[in-house]
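Step one of this worksheet: look at the structure below.
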Amino acid sequence: MGVESLIAFLVVGGIAGWLAGLIVRGYGFGLFGNIAVGIVGALIAGWLLPRIGLAIGGGILAAIVNALIGAIVLLLIIGLFRRR
């Protein structure tokens, strides 16, 4: 993975985390925490979605949607454990 790919991955994860924080209100961690969750969510979605047969397509928009799905799922799971 080159430097450009790493920067693009961080940007996509950051956008996804920010959007997930807006969508899943009440479970967020603030701006920087949600960006971190978006980056981890992008990793999870990049691994999990192809294995369950969900292919959204290619390009930057598809990467953001994939990472957004992963970040939302991760925020919901974290929210379940934070409430207890």
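Numbers below:
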{"item": "Unique residue being part of a helix (DSSP H, G or I), closer than 18 Å to residue 62 by Cα and more than 12 Å from the chain's Cα centre (by Cα) when the list is 43, 31, 6", "result": "6"}
{"item": "Flag for residue 38 being surrounded by 19 or more Cβ atoms within 10 Å (Cβ to Cβ) and not basic (Lys, Arg)", "result": "yes"}
{"item": "Complete set of residues in segment 46-65 that are more than 17 Å from residue 7 (Cα to Cα) and either in a loop (DSSP other than H, G, I, E, B) or of a type outside the set (D, E, K, R) (or both)", "result": "47, 48, 49, 50, 52, 53, 54, 55, 56, 57, 58, 65"}
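Every read-out reported here was derived from the displayed coordinates using simple, explicitly stated rules and does not represent laboratory data. What you see is a predicted model, and the numbers here were worked out from it, not measured in a lab. Counting neighbours? That spans all protein chains shown, and the Cβs are built from the backbone with ideal geometry, glycine included.
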